[in-house]
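What follows is calculated from the coordinates using simple rules that are stated; it is not laboratory data. Keep in mind it's a predicted model, so treat the numbers as computed, not measured. Don't worry about glycine lacking a Cβ; one is built from the backbone with ideal geometry, like all the others, and counts go over all protein chains shown.
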Amino acid sequence: VAARLLERLGMEVDVAGDGRQALELFAQRRHDLVLLDCQMPVLDGYQTAAALRAGESRNEHVPIVALTANAMAEDRARCLSAGMDDYLAK
């Protein structure tokens, strides 16, 4: 749903089926924003965000936003501590 809405706004969207695939897509080209589901298979959103941040240069910070069904304050804190910039509950 999010991909379709963004495409309707004229944005190019890459969709990954799991965290490892997300890292591969991210390595292939520059992205302006990363939306991560926290419950992805292979690597979850927390692990994927941490890996993206670990590979980031000092001069390049891509915003990472969690999209998750988890809506508790501690869930938001976990997202931020994993390196995400923001958090949206579904």
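Summary of values
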item: 10 Å-binned pair-distance histogram of the chain (Cα, whole percent); result: 17, 52, 29, 2
item: Sequence-distant residues sharing a close amide H with Asp37 (under 5 Å, placed H); result: Leu67
item: Protection-proxy order for peptides 1-14, 30-43, 48-61, each taking the mean of Cβ atoms within 10 Å per residue, highest first; result: 30-43, 48-61, 1-14
